[in-house]
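See below for the structure under consideration.
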Amino acid sequence: MEIKKVGVVGCGLMGGGITEVCAKAGYPVVVLEVAQQFLDKGIGNIKTSMERAVKKGRMSEEDATGTIERIKGTLKFEDFGDCDLVIEAAIENLDEKKKVFAQLDKACPPHAFLASNTSCLSILDMAMSTQRPEQVLGLHFFSPVPVMQLVEIVKTLVTSDQAIEMANKFCPSIGKKSVLCQDTPGFIANRLAMVYLVYVIRSLESGLATKEDIDVTMRLGLNHPMGPLELADFIGLDTVYYILNAMYEELKDPLFAPPSLLKKMVTAGHLGRKTGRGFYDYR
């Protein structure tokens with residue numbers, strides 16, 4: 001079926017980015033937040049993004065205005081009542097996400113598809129909180145959403161072929177390239193990237209080399225656009241720690257056990273770029 005209207009749960013970094021790319025592509029979007037101040041901040045960030053695009057000549061004033069006009073903010077799940085697809089981008093906590101999906105199931109029309117932007121949690125667990133598990137799937141976007149081209153489409157044991165067909169049509173309609181993966185911890189990108197990051201952090205911890213030399217080696221020796229420790233700072237060390245914990249809890253594989261150095265840095269509040277200090281100092 002054709003997607004005519006999109007809903008988004010959460011207007012933070014990820015939810016705001018998803019809202020922006022959908023509205024830019026011409027979809028009317030309803031975006032929900034838990035409080036007005038968060039909604040105002042999220043939509044304000046989208047407006048700022050539009051203003052930057054206009055100044056840099058990447059977008060016309062008319063297109064920027066049209067994008068903002070297609071976005072409606074709300075604090076009520078009932079406003080998803082005419083959406084064809086709702087994408088959840090709430091806090092990375094499974095119990096909270098299950099509550100969100102139960103509410104979406106009640107508020108959305110029977111034909112609507114429900115998707116989660118989770119980076120590592122079980123889509124099936126969320127799906128079983130609804131009366132339409134076959135219409136639930138993962139749509140994992142990457143940060144920053146307006147820039148990153150990839151979306152991981154995540155299929156559970158019960159996701160219907162119709163839901164996957166919808167996703168395969170929807171992703172290119174918003175300018176994204178999609179890949180299909182199964183509902184396993186970390187999906188494709190984080191399953192592979194976390195193995196890399198955890199081993200790099202352990203290597204730093206053991207004194208293999210300095211952080212600078214590790215990053216320079218991977219950038220210049222393997223032509224990576226960013227060193228692994230720079231990348232961890234960019235993602236957020238708390239996010240890396242959370243994903244590793246979730247994957248370790250699910251898989252019980254020591255490979256994903258968070259290094260003690262990472263745990264200490266998160267405890268100290270050294271979370272990377274967003275706090276001004278991580279493996280590097282950004283202050």
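The table for this structure:
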item: HN-Hα J in Hz across the stretch 212-226 - Karplus 6.51, -1.76, 1.60, θ = phi - 60°, x for Gly and Pro; result: 4, 6, 4, 5, 4, 4, 6, 6, 8, x, 10, 6, 6, x, 8
item: Distance in nm between pseudo-label sites at LEU220 and THR275 (7 Å out along the Cβ direction from Cα); result: 3.1
item: Full-extension gain in nm, ASP125 to GLU212, via 0.36 nm per residue minus C-alpha separation; result: 27.2 nm
item: Gain in span if fully extended, ASP253 to TYR282, counting 0.36 nm per residue against the direct Cα distance; result: 7.1 nm
item: For the stretch 189-275, size of Cβ-based charge dipole, Lys and Arg +1, Asp and Glu -1, in debye; result: 80
item: Aspartates and glutamates with Cα under 12 Å of LYS72, excluding same-chain neighbours fewer than 8 positions away; result: GLU20, GLU33, ASP40
item: Cross-link table LYS211/LYS264; LYS211/LYS263; LYS41/LYS98, entries beyond 21 Å C-alpha to C-alpha; result: LYS41/LYS98
item: Proximal charge balance of ALA209 [Cβ under 14 Å; K/R count +1, D/E count -1]; result: -1
item: Value of Rg/Rh across the stretch 238-281 [Cα atoms, Kirkwood radius]; result: 1.03
item: Under 11 Å, Cβ to Cβ, from ALA232 - net charge with Lys/Arg +1 and Asp/Glu -1; result: -2
item: Distance in nm between pseudo-label sites at SER60 and ILE91 (7 Å out along the Cβ direction from Cα); result: 4.3
item: Net charge of neighbours whose Cβ lies under 11 Å from the Cβ of GLU152, counting Lys and Arg as +1 and Asp and Glu as -1; result: +3
item: Candidates PRO228, PRO254, PRO133: whichever shows maximal mean-square fluctuation once the chain is modelled as a Gaussian network with Cα springs under 10 Å; result: PRO254
item: For the chain, size of Cβ-based charge dipole, Lys and Arg +1, Asp and Glu -1, in debye; result: 500
item: Nonlocal amide H pairs with PHE113, under 5 Å, H built at 1.01 Å; result: LEU85, VAL86
item: Helix-only CD estimate at 222 nm, as mean residue ellipticity for the chain, using -39500 (n - 2.57) per DSSP H run (n ≥ 4); result: -14000 deg cm²/dmol
item: FRET efficiency for SER173 and ASN245, using Cβ-Cβ distance with R0 set to 30 Å, rounded to 0.05; result: 0.30
item: 23 Å Cα-Cα reach of LYS177 towards lysines, excluding residues that sit fewer than 8 places from it in its own chain; result: LYS4, LYS5, LYS24, LYS155, LYS169
item: Dimensionless Rg ratio for the stretch 189-275, taking C-alpha atoms and the 2.2 N^0.38 Å reference; result: 1.04
item: Order by protection proxy (mean Cβ within 10 Å, highest first), peptides 6-16, 144-154; result: 6-16, 144-154
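Rule-based calculations on the coordinates, nothing more; no lab input. Computed from a predicted model, the values in this text were never measured in an experiment. Methodologically, a virtual Cβ is constructed for each residue, glycine included, from the backbone with ideal geometry; neighbour enumeration extends over all protein chains shown.
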